[in-house]
2 protein chains.
Amino acid sequence: MGGDHGPSVVIPAVAAALDGVPGAVRFLLHGDEGAIAAELAKRPDLAARSELRHAERVVAMDEKPAQALRRGKGTSMWNAVEAVRDGAARAALSAGNTGALMAISKLILRMSSELERPALVASLPTPRGFTTFLDVGANVDCDAERLVDFAVMGEAFHRAARGVPRPSVGLLNVGSEEMKGHEEVREANRRLREGGYVPNYQGFVEGDDLTGGIVDVVVTDGFTGNVALKAMEGAARFITQELRNALTGDFRSAMGAAVARPALRRFRDRLSPPPAAPLLGLKGMVLKCHGGAGVPEYAHAVRVAADLARSDFAGEIDRNMRRRPSAVVETGAGAAEGAIE
Amino acid sequence: MGGDHGPSVVIPAVAAALDGVPGAVRFLLHGDEGAIAAELAKRPDLAARSELRHAERVVAMDEKPAQALRRGKGTSMWNAVEAVRDGAARAALSAGNTGALMAISKLILRMSSELERPALVASLPTPRGFTTFLDVGANVDCDAERLVDFAVMGEAFHRAARGVPRPSVGLLNVGSEEMKGHEEVREANRRLREGGYVPNYQGFVEGDDLTGGIVDVVVTDGFTGNVALKAMEGAARFITQELRNALTGDFRSAMGAAVARPALRRFRDRLSPPPAAPLLGLKGMVLKCHGGAGVPEYAHAVRVAADLARSDFAGEIDRNMRRRPSAVVETGAGAAEGAIE
């Protein structure tokens, strides 16, 4: 029911994703029975692999998180997350209200270990694969400890989701020298260097390293991460629009573009970032899809969700957090003194 | 003498810029006489329009600002900024140590009105022209008052440099709703809405508006601004590299690319951001060029500097700051009570 379009986009998108996911993957569709059934009737292949679970209500896109917590029970979003807790689903995907999804997921699934709030993670294309980038908007105010949490979560996510055994981790800053940046980022750097939180910590990285493939995981606060992610998306949109203008400007350019069209299409596909951002740190898997996603983007998000659902990244994060050096380390005592809890 | 290459890039670059600047523009070249004279000998056209001013020493690229202040007197950087103060030059351009350039410029030229530190401004291409974006790295910690200063400076700069009579100003945030973002950005939003600091304030904008052309001026702290700028530069580099790969992948694509080459070249030129960032807020004009700039980039920076030198943006900022509602406003008293100082 979520996002700007609801079932009229979600159902066709899940149907479109069917041939990209293994046959054993099945779907629980939470929401208004009438609206969903009408869309399902057009796609018997999807109907055969899904189950409709009626919900009376929805969380509105402009509802505040606290409000969504109070009156969220029985909404399609609530039920989808509950299905993960109850083991009926491996992952929940929503294009609805981000703040509400975070709050409801945190309440129902709870956080791994001593984590406080979920982080939103994005995957950025690089010449060599993907950069795992977090937090991209869930935590606007972040102290050093929170940044260390993101490093631990991001590292576990990258290992589970991308199969890299020892992901390298960098901390986003305005320069690579130790004295650069504000107090929180310098303190987080110190802790990550000395505390053994992630085995392959590489120190500071800069904005252009995000798509450079220098490190596997880049950590920052949710304010900077959100701005940087959207800035890159905006730049990519601007650049491809400029390219289109350039290649249709005159007959000669248009001819060249027509000949090169398959390459230009591969180019465009390569650039599209995955439209689903997992919420990290929960004891269960929840993914957020862009509210404005159309059928192709939402279908892509469904494939990403089906993929990640087999990766156990949530379990990996939980194990990483339990292995995490305890808070004692942060006051200066010996490192790697074993797990908390 | 500054930058990664010194006179071997700077002198050929100034020579290359000659035909892009009016004949009346002349150059003072500060630095090692021998090194500069050797380069100048190859370019008599430049020699005829420039004057060599010998400096015994240079500011090293890794020198700390405080150090540069103590021992900077007599360096090429120091002398170039002094020439602006003494009226011998309209603008100083350096590819040297950014922190040192800021500190030396602030000491020699002083700040306009009650401004505390210079801000670095970038110009980003948009479908309709350019976005003025600041601060892109000079001030890592910014409170609400500093953000308001940036709005006032950026607005004056855009008017002077781009000839837009009433530039629109936006404040960078993670969403456009009033309750979004951290405390400093919400407080700055309140002051800009109520204080009358800039006549055409448009509220919050997001990362993708930077290249969207929604507003003329986008304001943020130096940490976020630096990361966002570099993230966009990195994305642009990645995308054009991917495009090159796509268009040389097979014979058909390469054919198409060859036919469309002039369009692709115009496209690339359109994307290149101006490589010179003015330092705003000084009583005088200083521009910073990328340390790694090659001849074409540095030549571009010289043209930008020559252009801006005729715009009087520093005077415009000073007048804007003097018109600025006084500090009294911030405690709630009546607005627009006249200038400070």
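The values are calculated or read from the model by the stated rules, or taken from the named source; none is laboratory data. Just so you know, these numbers come straight off a predicted model, no measurement behind them. Using ideal geometry, Cβ is built from the backbone for each residue, glycine included, and neighbour counts are taken over all protein chains shown. Just so you know, the surface numbers come from the protein's heavy atoms only, side chains and all, with ligands and any DNA or RNA stripped out. Shrake-Rupley method; radii C 1.70, N 1.55, O 1.52, S 1.80 Å.
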(request) Keeping to segment A:144-185, report how many residues are open to solvent by less than 10 Å² (accessible area, probe 1.4 Å) and of a type outside the set (A, V, I, L, M). (result) 9
(request) Could you check A:Ala47 against (1) open to solvent by 20 Å² or more (accessible area, probe 1.4 Å); (2) of a type in the set (A, V, I, L, M); (3) in contact with a Phe, Trp or Tyr (Cβ under 8 Å, 6 or more places away or on another chain) and say which number it fails? (result) (3)
(request) Return yes when A:Val152 is touching a helix residue (DSSP H, G or I) at 6+ places or on another chain (Cβ under 6 Å) and more than 8 Å from chain B (Cβ to nearest Cβ) and no when it is not. (result) yes
(request) Considering each residue of segment A:263-293, count those that are open to solvent by less than 20 Å² (accessible area, probe 1.4 Å), under 30 Å from B:Gly256 (Cβ atoms) and out of contact with any Gly (no Cβ under 7 Å at 6 or more places or on another chain), and give that number. (result) 2
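Residue check: is B:Gly129 on the phi > 0 side of the Ramachandran plot and either within 13 Å of chain A (Cβ to nearest Cβ) or crowded, with 19+ Cβ neighbours inside 10 Å (or both)? Walk me through how you get there before you give the answer.
Values: on the phi > 0 side of the Ramachandran plot: yes; either within 13 Å of chain A (Cβ to nearest Cβ) or crowded, with 19+ Cβ neighbours inside 10 Å (or both): yes.
Considered against the rule, which asks whether it is on the phi > 0 side of the Ramachandran plot and either within 13 Å of chain A (Cβ to nearest Cβ) or crowded, with 19+ Cβ neighbours inside 10 Å (or both), B:Gly129 comes out as yes.
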(message) Can you tell me which of (1) more than 7 Å from every other protein chain (Cβ to nearest Cβ); (2) within 27 Å of B:Asp209 (Cβ to Cβ) is the one A:Arg186 doesn't meet?
(response) (2)
(request) Would you mind telling me which numbered condition in (1) more than 7 Å from chain A (Cβ to nearest Cβ); (2) buried (at least 19 other Cβ atoms within 10 Å of the Cβ); (3) of a type in the set (Lys, Arg) B:Lys230 fails? (result) (1)
(message) Can you pull out every residue in segment A:83-100 that is closer than 20 Å to A:Gly154 by Cα and in a helix (DSSP H, G or I)?
(response) A:Thr98
(request) Can you tell me which residue within segment A:11-31, out of those that are open to solvent by 20 Å² or more (accessible area, probe 1.4 Å) and in a helix (DSSP H, G or I), is farthest from A:Ala92 (Cα to Cα)? (result) A:Asp19
(request) Return only the number of the condition from (1) within 7 Å of another protein chain (Cβ to nearest Cβ); (2) of a type in the set (S, T, N, Q); (3) open to solvent by 10 Å² or more (accessible area, probe 1.4 Å) that B:Ser253 does not satisfy. (result) (3)
(request) Mind counting the residues in segment B:256-288 that are more than 7 Å from every other protein chain (Cβ to nearest Cβ) and either in contact (Cβ under 8 Å) with a residue 12 or more places away in the chain or in contact with a strand residue (DSSP E or B) (Cβ under 7 Å, 6 or more places away or on another chain) (or both)? (result) 18
(message) Looking at segment A:99-125 only, could you name the residues that are over 16 Å from the mean Cα position of the chain (by Cα) and at pLDDT below 90?
(response) A:Ser112, A:Ser113, A:Glu114, A:Leu115, A:Glu116
(message) Looking at A:Ala122, A:Ala80, can you tell me which residue is open to solvent by 10 Å² or more (accessible area, probe 1.4 Å) and part of a strand (DSSP E or B)?
(response) A:Ala122
(request) Looking only at segment B:302-324, decide whether some residue is modelled with pLDDT under 80 and open to solvent by 20 Å² or more (accessible area, probe 1.4 Å). (result) yes
(message) Being among the charged types (D, E, K, R), more than 14 Å from chain A (Cβ to nearest Cβ) and open to solvent by less than 30 Å² (accessible area, probe 1.4 Å): is that true of B:Glu114 here?
(response) no
(message) Within segment B:233-244, take every residue that is out of contact with any helix residue (DSSP H, G or I) (no Cβ under 8 Å at 6 or more places or on another chain) and open to solvent by 20 Å² or more (accessible area, probe 1.4 Å) and give me the one that is farthest from the other protein chains (Cβ to nearest Cβ).
(response) B:Arg244
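Of everything in segment A:84-98, what is small (Gly, Ala, Ser) and buried (at least 20 other Cβ atoms within 10 Å of the Cβ)? Give them in sequence order.
Within segment A:84-98, A:Ala89, A:Ala91, A:Ala92, A:Ser94, A:Ala95, A:Gly96 meet the criteria.
Those residues that are in a helix (DSSP H, G or I) and of a type in the set (Gly, Ala, Ser), I need them from segment A:141-186; list them, please.
Selection gives A:Ala144, A:Ala151, A:Gly154, A:Ala156, A:Ala160, A:Ala161.
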(message) Here is a list: B:Asp209, B:Asp221, B:Asp216. Which entry is open to solvent by 20 Å² or more (accessible area, probe 1.4 Å), facing chain A (nearest Cβ under 8 Å) and touching a helix residue (DSSP H, G or I) at 6+ places or on another chain (Cβ under 9 Å)?
(response) B:Asp209
(message) Every residue in segment A:200-241 that is assigned to a loop (DSSP other than H, G, I, E, B) and either touching a residue at least 40 places away in the same chain (Cβ under 8 Å) or in contact with a strand residue (DSSP E or B) (Cβ under 7 Å, 6 or more places away or on another chain) (or both), please.
(response) A:Asn200, A:Leu210, A:Thr211, A:Gly212, A:Gly213, A:Ile214, A:Val215, A:Asp216, A:Thr220, A:Asp221
